[in-house]
Amino acid sequence: MNNSPFILAPASVTAVMLKVLGALLPGVVVYAWIFGPGVLVQIVLASLTALAAEAAMLAARGRPAGRFLADGSALVTAWLIALTFPPIAPWWITVGGTAFAIVVAKHLYGGLGQNPFNPAMVGFAVMIVAFPALMSQWPAQGLSAAEQIGLIFGAPRPLDAITAATALDALRTGLHESASAASVATVMASHPAFGQFAGRGWEWIALAYLAGGLYLLQQRLITWHIPVALLLGLGLTALPFWLADTAHYASPLFHLTAGASVLGAFFIATDPVSGATTPRGKLIYAAGIGVITWFVRAYGAYPDGIAFATLLMNICVPLIDMKTQPPVFGRKERR
């Protein structure tokens, strides 16, 4: 039939999740190319843990395991956890964070479609609060695949030889330790963690995530509202502080390309379960994440704020959706 009306077949959960995993692949490839194969080991660990935890919870709840395990939602959570955790994090941190995300943040609230918080961000937040030192150790340049795998599975950790700070952590530490004597320019010039705009190599990872995010937009799995509002909220919050004091505040471009900004904009904040659903609500929700992220980065105790900002705005989603519902066609609003 070539004439309207058309009936659109609903996309299956499995098809949607597989496309999300495919959209993450460019970021995974570039991440592994820059930081080494540790991230691939973390993805395998997180995926196996997520599937095992999902199967255990489904059995405990008397649900058919085959259908729910095949929907791919647990794997998406696992991949997001692996991509936000350090690639040389000890195996038990990845396993523990993933299990907590699936068991507590997802199934104790009723499973897929019922969780009010993004499970991957819950797992990240719990682990970084509980083990901040281990969650801040990233592989130094030149660390071999064997060394990375050894660190994941319990090899000794001589910090100066094996670890390096991310650009966000290096900037925060450099400015705080040197007080007024330091500036953004001097910290960036003196530390090997920095590249052209943000962290060395992180610009390329951000571009890879952007490519995957544009694919999700092209496939209409997400809308433009959340990515655009989050990145604008982050960039426009950073802009006046940077213009007022370029010595002590990083540029908007730094914040947009550093850390999990682009990953958060396209793959984390766009979670259809825990995120806002109305068009205006999506703009408010995502802009709030961007603003909170900047304040956590600038004044908080943790280098990146995407996880905490997402969870805080998840709390606001019911109110945001309630207040931004469009009027029902054919009915007048009460005055």
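Nothing in this text is a laboratory measurement; each read-out follows from the coordinates by a stated rule. Every value quoted in this text rests on a predicted model; they were computed, and no experiment measured them. Note: ideal-geometry Cβ built from the backbone for every residue, glycine included; neighbour counts use all protein chains shown.
Points to keep in mind about this one:
- Student exercise, the range 12-164 dipole from Lys, Arg, Asp, Glu Cβ charges, in Debye to nearest 20: 420
- With a simple spin-label model that places each label point 7 Å from the Cα along the Cα-to-Cβ direction, the separation between Ala15 and Ala52 comes to 3.4 nm.
- By other beta-carbon atoms within 10 Å, ranking Ser274, Ser144 with the fewest at the front produces Ser144, Ser274.
- Ranked by the mean number of other Cβ atoms within 10 Å per residue, highest first, peptides 106-113, 93-100, 33-40 order as 93-100, 33-40, 106-113.
- Peptides 233-239, 288-294 ranked from most to least packed, by the mean per-residue count of other Cβ atoms within 10 Å: 288-294, 233-239.
- Distance between the modelled labels on Trp204 and Gln114, one decimal in nanometres: 4.5 nm (7 Å Cα→Cβ projection).
- Contact order relative to length of the range 15-123, as percent, for alpha carbon pairs under 8 angstrom and 6 or more apart: 29
- When only alpha carbons of the range 207-298 are considered, Rg and Dmax amount to 13.2, 42 Å.
- Each other residue within a Cβ distance under 15 Å of Phe68 adds +1 if Lys or Arg and -1 if Asp or Glu, for a net charge of +2.
- Using bins of 10 Å that start at zero, the share of Cα-Cα pairs per bin across the range 67-133 amounts to 22, 55, 20, 2, in whole %.
- For Phe266, net neighbour charge (Lys/Arg +1, Asp/Glu -1) across residues whose Cβ lies under 14 Å away: +2
- Label-to-label distance, Met322 versus Asp245, with points set 7 angstrom from Cα along the beta-carbon direction: 3.9 nm.
- In whole percents, the pair-distance distribution calculated for the range 12-164 from its alpha-carbon pairs, binned every 10 Å from zero, is 12, 40, 32, 13, 2.
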